[in-house]
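K.L.:
Got a structure for you, written out below as structure tokens; questions coming shortly.
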Amino acid sequence: MNPRPATPACPLPDATDRHAVGVDPALKQSNLRRLSRIEGQLRGIQRMIEDDRYCPDILTQVSSAQQALRAVARSLMRNHLEHCATQAIRNGSTDQRQAMYDELLDMIYKNAR
């Protein structure tokens with residue numbers, strides 16, 4: 001039997017050259033599609049403002065765009081938890097685990113509503 005190829009290691013939280021690891025191509029495409037739709041929503045909001053549309057209608061669209069961005073953020077956070085965070089917590093040194101805990105707390109506080 002051939003051994004499974006090693007999964008590339010996630011960068012440490014304090015690494016300077018960090019890239020996503022373990023991102024499912026379908027998840028990446030889904031996020032890119034969402035972002036394209038959000039981009040269109042933002043252009044629509046801009047037009048609404050240019051056309052002096054009714055403020056509550058604009059605010060409804062702003063809220064919708066914010067929710068769509070939160071969905072992308074949740075997807076990215078879940079991927080990070082499933083791959084890099086899990087790897088660091090299970091296999092990392094004490095310093096690496098502590099750094100990951102700090103990174104996760106920062107991420108949660110920054111992304112909390």
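K.L.:
If I model a spin label as a point 7 Å beyond the Cα along the Cα-Cβ vector, how far apart are those points for Arg34 and Leu69 in nm?
P.N.:
Result: 1.3 nm between the two label points.
K.L.:
With a 10 Å radius around each residue's Cβ, average the other Cβ atoms per peptide and rank 46-59, 73-86, 29-42, highest first.
P.N.:
Ranked by mean Cβ neighbours within 10 Å, highest first: 73-86, 29-42, 46-59.
K.L.:
Taking K and R as +1 and D and E as -1, what net charge do the other residues with C-beta under 13 Å from the C-beta of Leu81 add up to?
P.N.:
+1
K.L.:
Starting from the alpha-carbon convex hull of region 38-96, give the projected area averaged over all orientations, in nm².
P.N.:
For region 38-96, the mean projected area of the Cα convex hull comes to 5.4 nm².
Every number here is computed from the coordinates shown, using simple stated rules; none is lab data. Predicted model, so just to flag it, every value in this text is computed and none were measured. Every residue, glycine among them, receives a Cβ derived from its backbone with ideal geometry; neighbour counts consider all protein chains shown.
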